[in-house]
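Remarks on the structure that follows.
The values are calculated or read from the model by the stated rules, or taken from the named source; none is laboratory data. The structure presented is a predicted model; accordingly, all values stated were derived computationally and were not measured. Glycine also receives a Cβ, built like all others from the backbone with ideal geometry; neighbour counts cover every protein chain displayed.
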Amino acid sequence: MAEPTQTIEIQVLRYRPEQETEPVWQSYQVPFTEDMSVLQGLQYIKDEIDGSVSFRWSCRMAICGSCGMMINRKPSLSCQTFLRDLLPGPVKVEALDHLPIERDLVVSVEPFVKKLESIKPYIIPKEARALSEGEYLQTPAQLEKIEQFSSCINCMLCYAACPQFGLNPEFTGPGVLALLHRYNADSRDGGRAERMEILNAEEGVWSCTAVGYCSEVCPKGVDPANAVNQNKVNSALDYFIRFLPKKGA
Amino acid sequence: MKPQSNESGVRRNPPYVRPMAGWWTRNPFFVRYMVREVTAVAVWIYALVLTFGVVRLSQGEAAWNGWLDAMKSPASIVLHLVLLLGMVLHVHSWFEIMPKTMAPIIVGGERVSAERIQRTGWTVAVVVTVLALALAVWSQS
């Protein structure tokens with residue numbers, strides 16, 4: 001790594017629950033090089049200046065979804081946001097919007113994980129099949145329908161981008177609804193009926209007002225707004241279909 | 001919530017929930033969203049104006065002519081200019097979000113792009129507007 005020649009100011013919104021009742025800004029001067037991400041800037045602060053700054057991170061390559069935070073008010077993965085693009089600074093770093101702050105840049109993820117579990121984010125086979133019958137096949141066209149939505153890394157940037165979730169934390173939210181769609185739209189899946197209850201609820205797709213910022217900030221091009229809004233049609237059809245005469249009736 | 005004490009007796013405040021007041025002023029993207037929501041009111045008001053015209057038409061010639069005169073008043077023209085501006089902003093904003101609201105359209109094995117959906121929307125809007133204007137001019141001649 002080249003020797004740092006310049007510094008940049010990073011402001012971190014601190015919340016230490018044992019000493020503060022509400023968050024406060026703290027400023028740090030960080031020497032940086034062209035190839036440094038915001039995450040590396042924070043790691044420099046933690047290693048060299050102030051070991052008490054808390055944040056989550058793991059893979060450093062935009063796949064684990066751990067290091068999401070507000071960077072200059074935009075929900076971003078700190079590992080793929082570079083300090084060179086934020087010159088001359090200061091760079092303002094905060095915990096993801098709309099989620100309770102546990103400590104500094106660490107937010108509560110438990111409600112999100114509960115919602116994720118509730119949609120059964122796995123393929124529920126239409127019928128049980130013996131191993132000898134071989135794999136469940138899928139055509140490229142069938143894959144195309146779900147592939148984009150299967151790229152979700154659960155980073156929750158879309159929750160920080162969704163004012164409807166901020167106003168009503170009960171809203172299932174963009175990421176989980178996109179994953180719900182990913183499984184419902186899978187040609188190999190038979191779990192649709194089990195998931196429709198969550199989708200149809202007031203807190204399901206109908207809490208979305210098509211703001212669309214979730215899709216803007218998604219680091220994986222999932223387009224959750226599209227998943228949610230096309231399921232408003234599915235939800236309406238699911239409601240009206242009950243009025244059709246039953247087969248053989 | 002009150003501060004909680006953990007097992008070692010250290011008092012700590014609960015997770016901090018940030019207030020949502022004024023949320024839409026904090027991001028230009030949200031301001032544009034609110035413009036879409038507010039300009040829907042312009043569309044609604046203009047629908048009311050036209051509906052009222054149809055009602056007056058059903059009440060005979062004098063009522064209809066009265067409505068037409070009211071439409072020509074300076075206040076009405078100002079209102080129409082404001083509503084037109086609202087309508088154009090709403091059309092722009094709506095076509096911007098439209099591709100996200102639709103199930104994918106597949107043509108010849110390829111998904112139709114968001115840009116193409118937006119261009120089609122604008123083309124239809126412009127063609128319908130020109131036809132409506134041509135009809136209005138033709139009916140005056």
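For the stretch B:66-73, the criterion of being touching a Lys or Arg at 6+ places or on another chain (Cβ under 6 Å) and farther than 30 Å from residue A:98 by Cβ is met by at least one residue.
Quick grid of which residues meet (1) more than 17 Å from residue A:154 (Cβ to Cβ); (2) crowded, with 16+ Cβ neighbours inside 10 Å; (3) assigned by TED's automatic domain parsing to the domain that holds residue A:214:
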site	(1), (2), (3)
A:39	yes, yes, no
A:52	yes, no, no
A:65	no, yes, no
A:70	yes, yes, no
A:81	yes, yes, no
A:84	yes, no, no
A:98	no, yes, no
A:115	no, yes, yes
A:118	no, no, yes
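Considering the stretch B:34-78, and only residues there that are among the aromatic types (Phe, Trp, Tyr) and surrounded by 14 or more Cβ atoms within 10 Å (Cβ to Cβ), the residue that is farthest from residue A:208 (Cα to Cα) turns out to be B:64. Residues that are over 17 Å from residue A:146 (Cα atoms) and touching an Asp or Glu at 6+ places or on another chain (Cβ under 6 Å) were ranked within the stretch A:162-195; the one that is farthest from the other protein chains (Cβ to nearest Cβ) is A:172.
For the stretch A:136-151, the count of residues that are closer than 25 Å to residue A:77 by Cα, of a type in the set (Gly, Ala, Ser) and either out of contact with any His (no Cβ under 9 Å at 6 or more places or on another chain) or not assigned by TED's automatic domain parsing to the domain that holds residue A:121 (or both) is at least one. State yes or no: is residue A:109 of a type in the set (A, V, I, L, M, F, W, C), closer than 20 Å to residue A:162 by Cα and surrounded by fewer than 15 Cβ atoms within 10 Å (Cβ to Cβ)? Here the answer is no, as residue A:109 does not meet what is asked.
Meeting the requirement of 3 or more residues that are surrounded by fewer than 17 Cβ atoms within 10 Å (Cβ to Cβ) and not polar (S, T, N, Q), the helices (runs of 4 or more DSSP H) wholly within the stretch A:144-222 are A:192-200.
Only one of the numbered conditions (1) within 30 Å of residue B:109 (Cα to Cα); (2) of a type in the set (A, V, I, L, M); (3) modelled with pLDDT of 95 or more is violated by residue A:143, and that is (3).
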